[in-house]
Structures are given as structure tokens and as C-alpha cells.
Amino acid sequence: MKMEKQEPIELVFVSGACGRLGKAVLLGMAGEKNRFCFGFQRHTQAVVLLNPPLAAPVEWWPCDIADFPAAAALIRKLISEKGTAVGKITLVHAIGPFKYEGYQKPDEAAAPDPHVMKMNYEAFVNMTEAVLDAVKDIGHPVQVNLCTFGSVSEKYKVPLWHSFNLAKQKVRDYIQFKAGQNRNIAGLYVRTSTIDTGSENKLRPHVPDNIRRYWLDPEKVAESVCADMEKLKPGAFEIKDIIEPMPGFDPEAYYRDVQKLDAHWRSMMPKPKNSSLEP
Ligand SMILES: NC(=O)c1ccc[n+]([C@@H]2O[C@H](COP(=O)([O-])OP(=O)(O)OC[C@H]3O[C@@H](n4cnc5c(N)ncnc54)[C@H](OP(=O)(O)O)[C@@H]3O)[C@@H](O)[C@H]2O)c1
């Protein structure tokens, strides 16, 4: 009897999958036959399956990405369950906390905030190394595509968010290094202007409407990222900028005048608890 050759399957892992951007990427990747999508979220106990209209399942798994051994073990388990059928793995890290540091740390050499570094950079390394470790057991080459997000502001090394800049630089360099090291790895680093996510709304609740209307829609960002991930060639490393242009906005002028930028940002952020402006 002639054996049917099994078509290779793709596994997609998305962290931050309950955030607006992560969820949009997870669902944007879903629906292809032979593609199994897994979203990780920390505030749930059970695996949640979203299935009927899709050709292949989307699953939300409980996972605290900050718990490195647990996150690595889950990734290894999900890969080993599919075993030799796996031909491609896509990892998208959609977690990357921002910290507004103001003038407290104007020193370029100052140590970065540990949490910002951990979640933007170290967590991504942990997940990537878990994937690369697990594919060694598969017995044939597996294409691994990596993706995470940065900000267009990082080009200006704004000292007000020094740790965020350093963490993004580290994660970008890491992806580039990995893609350069192995033909079966490819990387996409996406720099965006402000995206309308829960975190951003919490960070800047008083943003004026004439600025807010230029915040990017997460679904629009996800659509572009998913299309780029599909086209990524083995061994490639790409940087993609996604910007919603604001008429008259000059980034050089905006980011270089740090004192003015600080005053502008403080006007959009929650007022400090001990502020005399508080009612
Ligand atoms: N928003 C923007 O304007 C903007 C601009 C440029 C770049 N980016 C980048 O885009 C990515 C997504 O940004 P975002 O604004 O959605 O903010 P984010 O603060 O990175 O949050 C994304 C999601 O991550 C989840 N999360 C946080 N810690 C977790 C953990 N330990 N385990 C599992 N899940 C965890 C959060 O869900 P829960 O808290 O509900 O668990 C949240 O929904 C980040 O890399 C960010 O740096 C964003």
C-alpha cells in the first residue's frame, strides 16, 4: 500500500496574546490548514480553544512568560507533541513593557530597569532558546521565524525612556545575530509609532484627541506583520517601520528637545499621587 506523505505543519507561538496587538497577530496568523496557533496569557487557568470557523485550531494557554522555566517547558511540550510533523515554527513576542524614567537617569551608561530588560529581551531569548532546543530532537531542519516589536522612537535614543531603548536594542541585536548564525532562522523586527493598546492608554490617559487619532490600530499593524512573516526568507533579518504619519510632525524636533518632550509627556500621563493638581 502506498503511504501518503504527511504535509509538514507550522506551529505559531504568540506571547502577550490577550493584549490587543498580540491577539490580533494570533488571529491574523490563524486559519491556514496545517498551522497550529498558540497564544500565551497569564490570567487564566485553563486552555481555551477557538475553533469552529478555522481550518486549524487556535489555543490560548495559561503561561506567565516571566516564569522562564515554565514558559520554556510549555514551548518544549507543545513542540514535542507534534514531533516530526513540525516543519516550521513562528514565535512572536508581543510583550514589551515601557517605563517612563524622566530625568532621573540621564546617564547613558546607567543600568537598565531589570523588569523592562527582563520582559522585552530576556523573556524573548528564553522562549527562542526553548524553541531551538526542542527542534534539535525533530531530526530534520525546521524553519524558525522570530518576531518582536520596537518603537520608531528608539532611533532617537530618548533619555526619558533609557531602559526601554536599551532593552529594544538588545532584542533587535539578538534576533539579527540568530538569523545570521543559522540559515534556518529568520527574523523580523517591527518598529511602530504609538499603537492603541491597553498599556498605552494606561500610560497616557490624558493624550489629546488630535494626537490620539493618529494612534495605530492593532489589527492594522497585525495584518502587515502577518503578511511580512509569511514572506520572510530563511536566514533573512528585516526591520520594518509601521508609522501613522501625523501631519506636520517632525520627529527630529520632537525627540531632540528633551525638556519640552518631558513636559509634553507629563501632561499626558496620570498625575503623581502627591501632586497639588490632584483634587
Ligand atoms: N503600544 C504602543 O504604542 C507600542 C509602540 C511601540 C512598540 N510597542 C511594543 O509592542 C508590544 C505590545 O505592546 P503593548 O502596548 O500591547 O504593551 P505590553 O505592556 O507589552 O502588554 C502586552 C500584553 O502582555 C501581557 N503580559 C505582560 N506580562 C506578561 C507575562 N509575564 N506573561 C504573560 N503575558 C504578559 C499583558 O497582558 P495581561 O497584563 O493582561 O496579562 C498585555 O496584554 C511590546 O513589545 C511593546 O514594546 C508598543
Condition met for residue 83 (away from the ligand (no atom under 16 Å from the Cβ), in contact (Cβ under 8 Å) with a residue 12 or more places away in the chain and on the phi > 0 side of the Ramachandran plot): yes
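Okay, residues lined up against (1) farther than 28 Å from residue 82 by Cβ; (2) within 15 Å of the ligand (Cβ to nearest atom):
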{"position": "146", "(1), (2)": "no, yes"}
{"position": "152", "(1), (2)": "yes, yes"}
{"position": "184", "(1), (2)": "no, no"}
{"position": "210", "(1), (2)": "yes, no"}
{"position": "225", "(1), (2)": "no, yes"}
{"position": "233", "(1), (2)": "no, no"}
Listing of helices (runs of 4 or more DSSP H) fully contained in region 96-181 that carry 3 or more residues being touching an Asp or Glu at 6+ places or on another chain (Cβ under 9 Å) and surrounded by 22 or more Cβ atoms within 10 Å (Cβ to Cβ): 162-181
Evaluation of residue 214 against (1) in a helix (DSSP H, G or I); (2) of a type outside the set (D, E, K, R); (3) closer than 26 Å to residue 20 by Cα (one fails), failing number: (1)
Region 6-27, residues that are within 12 Å of the ligand (Cβ to nearest atom), assigned to a loop (DSSP other than H, G, I, E, B) and either touching a residue at least 60 places away in the same chain (Cβ under 8 Å) or charged (D, E, K, R) (or both): 16, 17, 19
Criterion: of a type outside the set (Val, Ile, Thr) and surrounded by 12 or more Cβ atoms within 10 Å (Cβ to Cβ) - qualifying residue of 247, 208, 272, 218: 218
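Coordinate-derived values only; no laboratory data. All values reported here derive from a predicted model rather than from experimental measurement. All Cβ positions, even for glycine, are placed from backbone atoms using ideal geometry, and neighbour counts span all protein chains on display.
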